[in-house]
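This report refers to the structure that appears directly beneath it.
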Amino acid sequence: MNTGHAATNNPAATTGPTSANSAVATEATQTTAIVNIALLVTNDPSLGDGSPLGLIQDAAVVIDGDRVVWVGGSSKAPATDNRVDAGGRAVIPGFVDSHSHLVFAGDRTAEFNARMSGQAYRAGGIRTTVAATRAATDAELSANVARFMREALRQGTTTFETKSGYGLTVEDEARALRIAAEHTDEVTYLGAHIVSPDYADDPAGYVDLVTGEMLEACAPYARWVDVFCEKGAFDGDQARAILTAGQAKGLMARVHANQLSYGPGVQLAVELDAASADHCTHLTDADVDALASGNTVATLLPGAEFSTRAQWPDARRLLDAGVTVALSTDCNPGSSFTSSMPFCLALAVRDMRMTPDEALWSATAGGASALRRTDVGRLTPGARADLTLLDAPSHVHLAYRPGVPLVAGVWRRGVREYVAG
C-alpha cells in the first residue's frame, strides 16, 4: 500500500471550466487533514490496493485551499492548520451528476399517478412542464434550481450538469441557460428536447429555429449541446443537424439516446465524438461495439426506469464489453424526480447487475468522464477537494442500506458545505 502521495508541480489536472461562484483563492490558504478514515476511495488504481477504486484503509486526505494535496495512511499525514477526525468512517469522492433537468416549474404528480396506475410513459408529457416553466418568473426558476442542488448536495453530489429544454422558445431557452449558469458550469443547451408545441405542424421549421436563432441566443451560456433522439422527438437526420450546428458554435455534444426504443442515437453520438450517450436502454450489438470502440461514455439513468417501470439498461453487458459507464439521476419532474445519487447507485446494483464498486466508480469518476473532466470524481493530489464522508465504514453500504441517509458531511472545493444533524 502506498503510504503517501503529494501533489506535483502540475496540480491542475483540471479540464473543466472555472465557476464564477468558486471561492477566490487567497495568498494564505488553510490546510486541513481529514484523518482516521476507515476506507478512502481515491478512484486512482496507482494508489492503495491497486483496484479501480484505489482503496486505502486507515487513511487521511490533506486539503490545501480547494485542492487535494496529499493522500495516504492516517498515521503519516503531514502537519496542517486544521484536523478533522472522520471517526472510522468511509470517505468517497463527491458524486458527479452528469445529467439533470433542473430549470423547470410545476410538477407532474398526476402523470406519475396515472403511470403507476397502468398508463404508459410517453415523451409528450414534457409539454405540461413547458407550459408551467414559461409561466414562471426568473426568480422562481432560480430558486428551484438552488433548492434541488442543495437537496443533492446533502446526498453527496458536488458536481452538477443541468439542461434547458422546458422553454422551447428563443427567449425561454436562453433565460433557462442563463439561470442554470448562475448555479453550475456544466450547462447544456437542449432546445431539441421535443418539437415545440408552437411548431407542432412544422417540425422542420423548429429544427431551423433550434439550429439558428435559438442557438445564437443560447450558445453564450452553454458548454454542451444535446438532443432527444427518439421516436416522438427528433430522428437521426434532425439530431445530426442539431448537434453539428452546436459543435460549429463551439459546444460539445451529448445525446439522449435509445431510451424508449432502438434507434440511431448511440451510433450518432459515437460518430460525432459526443462525450456521452445517455439512457442506452435499447442497444443492438452494433451499438455496444460502437461505444466500446469510441470515446463516448454510456450514461445510465436508473431513476427513469424506476419511475416509468421501463426495461432496465443492461449495465453488465456494457461493462463486459469494455464500455465506460456513468450513473446519473436524470432529475426531472416527469420521468425521474429524484436528486439522490445514492438511490440511483442502489438501483444500479440491484437491477442493472453492477457491483457496488462499479456503481460507485460510475457515479463519481464515470460522471466526470461523461463531462470530460479530470479534476473531479477522484481524490488524488491535484484534484478538486470534493469529498463525501459516509456514516458507514465502507462505500458498499450505499447499496447495502438503500434509502438510509448515510451522508455525514460534504466538502466542495475544500469547504465543508454540509454536516448531517
Seminar exercise, completed: Note on residue 420: of the conditions (1) farther than 21 Å from residue 149 by Cα; (2) over 20 Å from the mean Cα position of the chain (by Cα), unmet is (1)
Seminar exercise, completed: Note on residue 161: of the conditions (1) in a helix (DSSP H, G or I); (2) under 14 Å from the mean Cα position of the chain (by Cα), unmet is (1)
For this session: Taking residue 322 as the residue in question, decide whether it is open to solvent by 10 Å² or more (accessible area, probe 1.4 Å), free of Cβ contacts under 8 Å to residues at least 60 places away in the same chain and either part of a loop (DSSP other than H, G, I, E, B) or on the phi > 0 side of the Ramachandran plot (or both).
Result: yes
For this session: Mind listing just one residue for me: the one in the stretch 302-319 that is of a type in the set (Gly, Ala, Ser) and assigned to a helix (DSSP H, G or I) and, of those, most open to solvent (accessible area, probe 1.4 Å)?
Result: 307
Problem set entry | Of all residues in the stretch 269-287 being open to solvent by 10 Å² or more (accessible area, probe 1.4 Å) and outside any loop (DSSP other than H, G, I, E, B), the one that is nearest to residue 313 (Cα to Cα) | 285
Problem set entry | Residue that is farthest from residue 378 (Cα to Cα) [pool: residues in the stretch 397-419 that are open to solvent by 60 Å² or more (accessible area, probe 1.4 Å) and part of a strand (DSSP E or B)] | 419
Exercise. Is there any pair with a first residue in the stretch 365-388 that is of a type in the set (A, V, I, L, M) and a second that is open to solvent by 10 Å² or more (accessible area, probe 1.4 Å) and assigned to a loop (DSSP other than H, G, I, E, B) whose Cβ atoms are under 6 Å apart and which are 6 or more apart or on different chains, and what are they?
Worked result: 365/378; 385/66; 385/414
Seminar exercise, completed: Note on the stretch 144-173: residues open to solvent by 30 Å² or more (accessible area, probe 1.4 Å) and touching a residue at least 60 places away in the same chain (Cβ under 8 Å) are 151, 154, 155
Exercise. Which residue pairs have Cβ atoms under 8 Å apart, sit 6 or more places apart or on different chains, and have a first residue in the stretch 183-206 that is more than 18 Å from residue 328 (Cα to Cα) and a second that is among the small types (Gly, Ala, Ser) and open to solvent by 40 Å² or more (accessible area, probe 1.4 Å)?
Worked result: 194/232
For this session: State yes or no: is residue 347 open to solvent by 10 Å² or more (accessible area, probe 1.4 Å), part of a helix (DSSP H, G or I) and either farther than 22 Å from residue 55 by Cα or acidic (Asp, Glu) (or both)?
Result: yes
For this session: Would you please name the residue that is most open to solvent (accessible area, probe 1.4 Å), looking only at residues in the stretch 361-374 that are assigned to a loop (DSSP other than H, G, I, E, B) and within 19 Å of residue 162 (Cβ to Cβ)?
Result: 372
Exercise. Is the stretch 187-200 home to any residue that is of a type in the set (A, V, I, L, M, F, W, C), over 25 Å from residue 248 (Cβ atoms) and surrounded by fewer than 24 Cβ atoms within 10 Å (Cβ to Cβ)?
Worked result: yes
Problem set entry | Breaking point among (1) more than 17 Å from the chain's Cα centre (by Cα); (2) touching a residue at least 24 places away in the same chain (Cβ under 8 Å); (3) over 15 Å from residue 95 (Cα atoms); (4) open to solvent by 20 Å² or more (accessible area, probe 1.4 Å), for residue 356 | (3)
Exercise. Residue 329 fails exactly one of the following numbered conditions: (1) farther than 17 Å from residue 95 by Cα; (2) open to solvent by less than 20 Å² (accessible area, probe 1.4 Å); (3) in a loop (DSSP other than H, G, I, E, B). What is the number of that condition?
Worked result: (1)
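Let's see how each residue does on (1) modelled with pLDDT of 95 or more; (2) β-branched (Val, Ile, Thr); (3) under 18 Å from the mean Cα position of the chain (by Cα); (4) closer than 25 Å to residue 93 by Cβ:
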site	(1), (2), (3), (4)
270	yes, yes, no, no
274	yes, no, yes, yes
287	yes, no, no, no
296	yes, yes, yes, yes
301	yes, no, yes, yes
317	yes, no, no, no
343	yes, no, yes, yes
349	yes, yes, yes, yes
366	yes, no, yes, yes
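Here's the yes/no breakdown for (1) under 17 Å from residue 277 (Cβ atoms); (2) open to solvent by less than 10 Å² (accessible area, probe 1.4 Å); (3) within 22 Å of the chain's Cα centre (by Cα):
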position	(1), (2), (3)
208	no, no, no
215	no, yes, no
224	yes, yes, yes
227	yes, yes, yes
232	no, no, no
247	yes, no, yes
250	no, no, yes
Exercise. Among strands (runs of 3 or more DSSP E) lying entirely in the stretch 1-100, which contain 1 or more residues that are among the basic types (Lys, Arg) and modelled with pLDDT of 80 or more?
Worked result: 67-73, 82-93
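A quick yes/no check of all residues on (1) farther than 30 Å from residue 35 by Cβ; (2) of a type in the set (Ser, Thr, Tyr); (3) touching a residue at least 24 places away in the same chain (Cβ under 8 Å):
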{"site": "83", "(1), (2), (3)": "no, no, yes"}
{"site": "92", "(1), (2), (3)": "no, no, yes"}
{"site": "100", "(1), (2), (3)": "yes, yes, yes"}
{"site": "103", "(1), (2), (3)": "yes, no, yes"}
{"site": "108", "(1), (2), (3)": "yes, no, yes"}
{"site": "114", "(1), (2), (3)": "yes, no, no"}
{"site": "130", "(1), (2), (3)": "yes, no, yes"}
{"site": "135", "(1), (2), (3)": "yes, no, yes"}
{"site": "138", "(1), (2), (3)": "yes, no, yes"}
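The values are calculated or read from the model by the stated rules, or taken from the named source; none is laboratory data. This structure is a prediction, so every number in the text was calculated from the model and none was measured. Cβ coordinates were reconstructed from backbone atoms using ideal geometry, including for glycine residues, and neighbour counts include every protein chain displayed. With ligands, DNA and RNA removed, areas are computed over all heavy atoms of the protein, side chains included. Shrake-Rupley method; radii C 1.70, N 1.55, O 1.52, S 1.80 Å.
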